[in-house]
Amino acid sequence: MRRLRKQRDELLRLYKQLSSELGETNRGVVALYAELDQRSAELRAASEAKTRFMTSVGHELRAPVTAILGLVRLLRDPGSDPLTPDQAEQLALLEGSAADLLGLVNELLDLAKAESGRLEPRWGTVDLPGLFGALRGTMRSISRSGAARPDATRTEVEIVVEEPDGLPPLRSDEAMLTQVLRNLMTNAIKFTREGEVRLAARPVGADRVAFTVSDTGIGIPPTEQERIFEEFYQVPGAAQADVTGTGLGLPYARRLVSLLGGELTLASAVGEGSTFTVVLPLAPPEPR
Ligand SMILES: Nc1ncnc2c1ncn2[C@@H]1O[C@H](COP(=O)(O)OP(=O)(O)OP(=O)(O)O)[C@@H](O)[C@H]1O
Ligand SMILES: [Mg+2]
């Protein structure tokens, strides 16, 4: 009997100890939640501030840059005084730089708009053969002109755009999808010296489609594979030295893909190449 009572007391003691420990853990979890809540509010505020910043800088820059371009055109006007060859050359440089700057400003404004939720997809049936055909044309000419890669060291890179055959009808925003694929292909061409850049599409399950842009270029190290989706981030190194760009293409592409209800992912090995995959739903996602 005494032994039983002793055992019962011991059990009771253990029970009390356990429940007090549980209570403490609970309080800890509640505190952690509160902290997480606060952190996520701070993050949201920071990201809204960033979007506001991009928008205002973009707008402030656009007016003066547009004015510069306008003035350059005025100076070029056949009705004004003739220019010396030197002046004409300087003017062309000025125009090129101003146009680059305007391109950057527009990229910044596009991204800010996509981030602020003010960009709404216009859903419609996508003409995939038409879209692929247009990309085949523009990408081949970019590749041939060397516009994306001004250095003379490149050898032939083949641009292969497969026929988008055997796909179910896709309802999405054709203009946004075109922008995404154009961004990915321009990157692929920029970072590939030889081999090929390939665009393909295939069905995924019953209700999705995957677009892949693969290249045989320099590849992206594992540690950089998430960072390249951050604004202005570019992989450091020599490869970056001889190409143009600002590091806004991928964050914008990922943003657009998410507006379309899809996902943009990447597989890559250094020295072997990269494959960017866009998986889209065949129909607009249900509004949340
Ligand atoms: N296909 C690729 N192969 C190797 N590196 C890539 C590839 N695509 C992107 N990257 C790396 O990711 C970086 C970010 O790409 P992103 O498109 O955002 O910017 P960008 O091409 O440098 O400039 P922008 O697109 O704004 O003109 C690139 O600078 C490059 O370092
Ligand atoms: Mg880019």
Angle in degrees between helix 2-76 and the longest Cα principal axis of the chain, rounded to the nearest 10: 10 degrees
Accessible area in square angstrom per residue, the chain, 1.4 angstrom probe: 62 Å²
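Just want to confirm a number: the relative contact order over the chain, from Cα pairs under 8 angstrom separated by 6+ residues, in percent.
16 percent.
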Whichever lysines have a C-alpha closer than 20 Å to that of LYS50, once near sequence neighbours (fewer than 8 apart) are set aside: LYS113
Binned Cα-Cα distance frequencies in segment 49-118 - 5 Å width, integer %: 3, 17, 21, 17, 12, 10, 8, 6, 4, 1
Accessible area of ILE68 in the full protein assembly, 1.4 Å probe (Å², nearest 10): 70 Å²
Residue-level accessible surface for ARG255, protein heavy atoms, 1.4 Å, Å²: 80 Å²
Dipole of segment 54-196, positive direction: furthest Cα of MET185, LEU91, HIS59, with charges on the beta-carbon: HIS59
More than 21 angstrom apart: percent of Cα pairs within segment 1-119: 68 percent
Top of GLN234, GLN225, GLN87 by mean-square fluctuation, Gaussian network on the chain, Cα under 10 Å: GLN87
Share of carbon and sulfur in the accessible heavy-atom surface of the chain [1.4 Å probe, %]: 57 percent
Estimated vicinal HN-Hα couplings, Hz - segment 191-206 in sequence order (Karplus 6.51, -1.76, 1.60; Gly, Pro = x): 9, 10, 8, 8, x, 9, 10, 10, 10, 9, 9, 8, x, 10, x, 9
Leading residue at positive end of dipole, segment 125-256 (Cβ point charges), from VAL235, GLY130, GLY245: GLY245
Accessible surface, 1.4 Å probe, highest first, among residues THR223, THR84: THR223, THR84
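How much of the DSSP beta bridge set in the chain is antiparallel, as a percent to the nearest 5?
Among the beta bridges of the chain, antiparallel pairing accounts for roughly 85 percent.
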Exposure ranking of LYS113, LYS6 by accessible area [1.4 Å probe, largest first]: LYS6, LYS113
Selected from LEU256, LEU93, LEU177 as most flexible by GNM, with the chain as the system and alpha-carbon contacts under 10 Å: LEU93
Segment 1-119 - charge dipole about Cα centre, Lys and Arg +1 at Cβ, Asp and Glu -1, debye rounded to 20: 1880 debye
GLU196 accessible area, 1.4 Å probe, all protein chains in place, Å² to nearest 10: 50 Å²
FRET efficiency for ARG44 and ARG73, using Cβ-Cβ distance with R0 set to 51 Å, rounded to 0.05: 0.75
Simple Cβ-charge dipole of the chain, Lys/Arg +1 and Asp/Glu -1, about Cα centre, in debye nearest 20: 1800 debye
Cα gyration tensor shape of the chain, rounded if a/c is under 1.5, else prolate or oblate by comparing a/b with b/c: prolate
Listed residues ARG8, ARG144, ARG227 arranged by accessible area, highest first, probe 1.4 Å: ARG144, ARG8, ARG227
Distance from segment 160-189 to segment 1-18 (C-alpha centre basis), Å: 71 Å
Rh by Kirkwood over Cα pairs, then Stokes-Einstein D for segment 124-281 at 1.567 mPa s and 4 °C, µm²/s: 82 µm²/s
Simple Cβ-charge dipole of segment 124-281, Lys/Arg +1 and Asp/Glu -1, about Cα centre, in debye nearest 20: 220 debye
Segment 229-288 versus segment 22-57: alpha-carbon centroid distance in Å: 26 Å
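The values are calculated or read from the model by the stated rules, or taken from the named source; none is laboratory data. These numbers were taken from a predicted model, which means no experiment stands behind them. A quick note on method: Cβ atoms are made from the backbone with ideal geometry, for glycine too, and the neighbour counts reach across all protein chains shown. Side chains are part of the model used for accessible areas, which takes the heavy atoms of the whole protein and leaves out ligands, DNA and RNA. Shrake-Rupley method; radii C 1.70, N 1.55, O 1.52, S 1.80 Å.
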